[in-house]
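Notes follow once the structure below has been shown.
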Amino acid sequence: QVQLVESGGGLVQAGGSLRLSCAASGRSFSSYAMGWFRQAPGKEREFVAAISWNGANTYYADSVKGRFTISRDNRNNTVYLAMKSLKPEDTAVYCCTADALMPIIFRGRSAYWGQGTQVTVSS
């Protein structure tokens, strides 16, 4: 079992920055691929970014490429999402997720999910 708790969300003006954190507890964090998804009101959940178990490989949605950076600290069981040049359309609840298999994360069918943190970008 892996428990995930996100933090770092908030209200920011367009063009601003935020860094989200996802703290994991439970066993074998370092063996899991990790990802971030987001869901805006009235919209489906969408993939944002993912990172392999050792941080060697990262993946991004086209909409955030060049603005968001995913990273992880396996010693502290934490994954991060650094967001810059934020836009109003980035407003959503951001959830982190974990799974042993990266393709499962891409499909949004991971075994473990956090409850999310709200990011609101004002224009």
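The values are calculated or read from the model by the stated rules, or taken from the named source; none is laboratory data. All values reported here derive from a predicted model rather than from experimental measurement. Positions of Cβ are generated from backbone atoms using ideal geometry, with glycine treated the same way; all protein chains shown enter the neighbour counts. Protein only, heavy atoms only, side chains kept; ligands, DNA and RNA dropped before computing areas. Shrake-Rupley method; radii C 1.70, N 1.55, O 1.52, S 1.80 Å.
What order do 38, 72, 109 take when sorted by accessible area (1.4 Å probe), most exposed first?
Numbers: 38 15, 72 40, 109 185 Å².
Reading off the accessible areas and sorting them downward yields 109, 72, 38.
When 1/r is averaged over all different Cα pairs and the result inverted, which Kirkwood radius in Å belongs to the chain?
On the way: mean 1/r = 0.0710 Å⁻¹.
Kirkwood hydrodynamic radius for the chain: 14.1 Å.
For region 4-62, compute Rg over Rh where Rg is the Cα radius of gyration and Rh is the Kirkwood radius from the inverse mean 1/r over Cα pairs.
Details: Rg = 13.4 Å, Rh = 13.4 Å.
That ratio is 1.00, to two decimals.
Which Cys residues of the chain have no other Cys beta carbon under 4.7 Å away?
Singleton cysteines: 95.
Under the definition of Cα pairs under 8 Å and six or more residues apart, what whole-number percent is the relative contact order of region 11-87? Intermediate results must be reported in sequence, preceding the final value.
Values: 130 pairs, mean separation 30.2, N = 77.
Reported relative contact order: 39 percent.
Full-extension gain between residue 75 and residue 7, please, as 0.36 nm times their residue separation minus the C-alpha to C-alpha distance. If you can, show how the numbers build up before the last one.
Values: separation 68, 0.36 × 68 = 24.48 nm, distance 1.82 nm.
Contour length minus Cα-Cα distance gives 22.7 nm.
Could you tell me how far the Cα centroid of region 88-121 sits from the Cα centroid of region 1-52, in Å?
Value for the Cα centre distance between the two parts: 5 Å.
Taking the Cα centre of the chain as the origin and placing charges on Cβ (Lys, Arg +1; Asp, Glu -1), which of 92, 79, 57 is farthest toward the positive end of the dipole?
Comparing the listed Cα positions along the dipole, 57 ranks first.
Could you give the size of the charge dipole of the chain about its Cα centre, using +1 on the Cβ of each K and R and -1 on the Cβ of each D and E, expressed in debye and rounded to the nearest 20? Show your work: numbers first, answer last.
Working: 13 positive and 8 negative charges, 27 e Å.
Around 120 debye, computed over the chain.
Let me have the 222 nm mean residue ellipticity of the chain computed from DSSP H runs of 4+ only, each contributing -39500 (n - 2.57), with the sum over all residues rounded to the nearest 500. Write out the running numbers ahead of the final one.
Numbers: 1 runs with 5 residues, N = 123.
So the helix-based figure for the chain works out to -1000 deg cm²/dmol.
Can you give the Kirkwood hydrodynamic radius for region 32-72, in Å, rounded to one decimal and based on Cα pairs? Display every interim value, and only then the final one.
Working: mean 1/r = 0.0927 Å⁻¹.
Evaluated on region 32-72, it is 10.8 Å.
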